Structures are given as C-alpha cells and as structure tokens.
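Structure first, commentary second.
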C-alpha cells in the first residue's frame, strides 16, 4: 500500500459566512463549517491515517477533531505539545493500549493561513468596491502581490514549504499516511509545489472550505486520487 497525503481545508468559519477577511484572526467554525468538516471526514474515513498536522488556528483544529469523529480506526486525536514545558512533560501517555488507540496531532504556525494585514476584519465585497475587484483578486489569488501590511502567497509559501519538506515529507517517505488540516492559502502553496503549478496557474486555484484532496506517493512522485 502506498503512502498518502490527505489535504483538507477547514470547514466554513463564522467570518467566512460573513464574507470577512480572516487571516490570522482566530475565528471558530460556524454550524455549516462543523457539518462540512464532518462530511469531509466521512469521505476519508476508510483511509488509514498515521499522523496529523494542523495549524495553530482554532478553525483548523476543530476541523481535525470533527473530520476524525467517524473514522473507521476509532482512534482519538491527541494534540502533542513539543517544547511547551509542563504541557509537554505532564501530558505524556503510558501504556501500549493508549498509544495504539490515539492519533498524534502536531500544530505548526507555519501552516497558518496567509496573514492578510490591514484587510483582516474587513468585508470582502466592500473592499472590492473601495479598491476595485481586479486589485482585490490580485491580493487574494496572485502569487507575489501582498495585501497592505500582509503576506503574499509567495511569502506564505516561504514558511509552509520548508515546514512541509522538513516535517511532513519525511513521514510520508517512511510509508505513513499523513492528514493535513489547514487553510486555503497554506494549502494552495503546498498544492502548487506538489503539482508544479506556475505563478499564472495558481491564480485560478481555489480550495473550498471543507474540501479534501488526496495524493498517493509512489516512488518519489505524487499521483492525485480521483
């Protein structure tokens, strides 16, 4: 059996529903986002998963919990706390049964959404009316144009891709199946890398909330599952 990479964008957040730029503002899922996360999880419930990576933002972490709620393994996600002092030291598990019945979850700020700077909290439609739809599309979709005070997709990729290469690829290279629950732009940067998309191609790449993308890793190459 080939190792797999499962990418999932978090379910709809309360600010997605209100059409606000969210970025690093730590907003939870809304009711529809909860259902999207469960539906996305059901679509991968039959795939054995060995390890989970997610961002430090609550909407992605909620998605992990909800997506794994009905997984066939019945394993419980356990959030690890490396480098967090007492939280790491005092949360250690003992006993083989506990280890076998849980699924390790690692959180990383490198997988966080693109930081939208001065746009965070603003209404997307009102911002388009103020600056023009073409300009806002450039800020949202282009590779190297950054919103005022924020990150471009290129800047986002400069943190997501090194983390992906250093922390996630080695797990896949061991034959493990990895589940990554993250954000529209952090995932766009990873898909761009995996599929070799150009700066022009990535403009039209949009990953909806709750969407799941699965790749097989075969002899060092990526094959997208249909």
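Does residue 127 satisfy the condition of being in a helix (DSSP H, G or I), out of contact with any strand residue (DSSP E or B) (no Cβ under 6 Å at 6 or more places or on another chain) and in contact (Cβ under 8 Å) with a residue 60 or more places away in the chain?
On the way: in a helix (DSSP H, G or I): yes; out of contact with any strand residue (DSSP E or B) (no Cβ under 6 Å at 6 or more places or on another chain): yes; in contact (Cβ under 8 Å) with a residue 60 or more places away in the chain: yes.
Considered against the rule, which asks whether it is in a helix (DSSP H, G or I), out of contact with any strand residue (DSSP E or B) (no Cβ under 6 Å at 6 or more places or on another chain) and in contact (Cβ under 8 Å) with a residue 60 or more places away in the chain, residue 127 comes out as yes.
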Subject >> Residue check for residue 82: in contact (Cβ under 8 Å) with a residue 12 or more places away in the chain, out of contact with any strand residue (DSSP E or B) (no Cβ under 7 Å at 6 or more places or on another chain) and closer than 29 Å to residue 6 by Cβ >> reply: yes
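Kindly evaluate residue 114 against the criterion of being surrounded by 18 or more Cβ atoms within 10 Å (Cβ to Cβ) and touching a helix residue (DSSP H, G or I) at 6+ places or on another chain (Cβ under 7 Å).
Working: surrounded by 18 or more Cβ atoms within 10 Å (Cβ to Cβ): yes; touching a helix residue (DSSP H, G or I) at 6+ places or on another chain (Cβ under 7 Å): yes.
In short, yes.
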Original post:
Taking into account only those residues within region 188-204 that are without any contact (Cβ under 8 Å) to a residue 24 or more places away in the chain and surrounded by 12 or more Cβ atoms within 10 Å (Cβ to Cβ), which is farthest from the chain's Cα centre (by Cα)?
Top reply: 201
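Take the conditions surrounded by 15 or more Cβ atoms within 10 Å (Cβ to Cβ) and under 22 Å from residue 162 (Cα atoms) and apply them to residue 105. Does it pass? Quick ask: steps written out before the conclusion?
Working: surrounded by 15 or more Cβ atoms within 10 Å (Cβ to Cβ): yes; under 22 Å from residue 162 (Cα atoms): yes.
Against the criterion (surrounded by 15 or more Cβ atoms within 10 Å (Cβ to Cβ) and under 22 Å from residue 162 (Cα atoms)), residue 105 qualifies.
Being in contact (Cβ under 8 Å) with a residue 60 or more places away in the chain and within 22 Å of residue 67 (Cβ to Cβ) is the filter here, so list the residues in region 155-174 that pass it. Let's see the steps before the verdict.
Filtering region 155-174 for residues in contact (Cβ under 8 Å) with a residue 60 or more places away in the chain gives 167-168, 171-174.
Those that are in contact (Cβ under 8 Å) with a residue 60 or more places away in the chain and within 22 Å of residue 67 (Cβ to Cβ): 167, 168, 171, 172.
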**OP:** Could you please find all residues in region 170-217 being closer than 13 Å to residue 4 by Cβ and in a helix (DSSP H, G or I)?
**Re:** 171, 172, 173, 194
Original post:
Is region 76-88 home to any residue that is within 30 Å of residue 148 (Cβ to Cβ), surrounded by 11 or more Cβ atoms within 10 Å (Cβ to Cβ) and within 16 Å of the chain's Cα centre (by Cα)?
Top reply: no
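Bear in mind that the values in this text are calculations on the coordinates, not laboratory data. This one's a predicted model, so the numbers in the text were calculated from it and none came from an experiment. Every residue, glycine as well, gets a Cβ built from its backbone with ideal geometry; the counts of neighbours run over all protein chains shown.
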